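S.K.: One structure is given below, represented as structure tokens, and several questions about it will come after.
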């Protein structure tokens, strides 16, 4: 449930950032003076020509769906939802490390909205690992 909730929240944040890039929202609400706009508009706001926020929105949506299915009684002890989430979460952790490097080291910027995703994917990695341990004990 924690992974589902976290992915829902971060998915909505990513959708907000994507809609902002499309010009469909007003000014970007950010706690730092221009930091979010600076980071979002940089080359680190895009990956292979695709908006990073859109990648996040789609990824978190898929993670939400799998995590929600995994909470259903008939799948709570099945390994496939955990395996699928591991396959989504760990590449996202690596991608987040790349983005944080670009944000903090290269750009010397800070986007408070981006922190939401970084914290969420870290917590998801911890939760999916703990769940794998639980499943291994059951087996």
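Every number here is computed from the coordinates shown, using simple stated rules; none is lab data. Predicted model only: the values in this text are computed from it and were never measured. Cβ atoms come from the backbone with ideal geometry, glycine included; neighbour counts cover every protein chain shown.
S.K.: What FRET efficiency would be calculated for the residue pair residue 77, residue 123, taking the C-beta separation as r and a Förster radius of 22 Å, to the nearest 0.05?
M.R.: Efficiency at R0 = 22 Å is approximately 0.50.
S.K.: Using r as the Cβ-Cβ distance of residue 90 and residue 42, and R0 as 22 Å, what FRET efficiency do you calculate, to the nearest 0.05?
M.R.: Computed FRET efficiency for residue 90 and residue 42 comes out at 0.30.
S.K.: What ranking, highest mean first, results for peptides 47-53, 80-86 when packing means the other Cβ atoms within 10 Å averaged over each residue?
M.R.: Final packing ranking: 80-86, 47-53.
S.K.: If you don't mind, there's one more thing I want to ask. For percent of Cα pairs over 24 Å apart, several values are listed as [x] 36; [y] 33; [z] 29; flag the one computed from this structure.
M.R.: [y]
S.K.: Which FRET efficiency, nearest 0.05, do residue 100 and residue 135 yield, Cβ-Cβ r, R0 41 Å?
M.R.: 0.85
S.K.: How many angstrom separate the Cα center of the range 1-64 from the Cα center of the range 105-139?
M.R.: 16 Å
S.K.: Given a cut-off of under 8 Å on Cα pairs at least six residues apart, what relative contact order in percent is computed for the chain?
M.R.: Answer for the chain is 36 percent.
S.K.: Next question, about the same structure. Relative to the longest principal Cα axis of the chain, at what angle does helix 2-21 sit, 0 to 90 degrees, rounded to 10?
M.R.: 20 degrees
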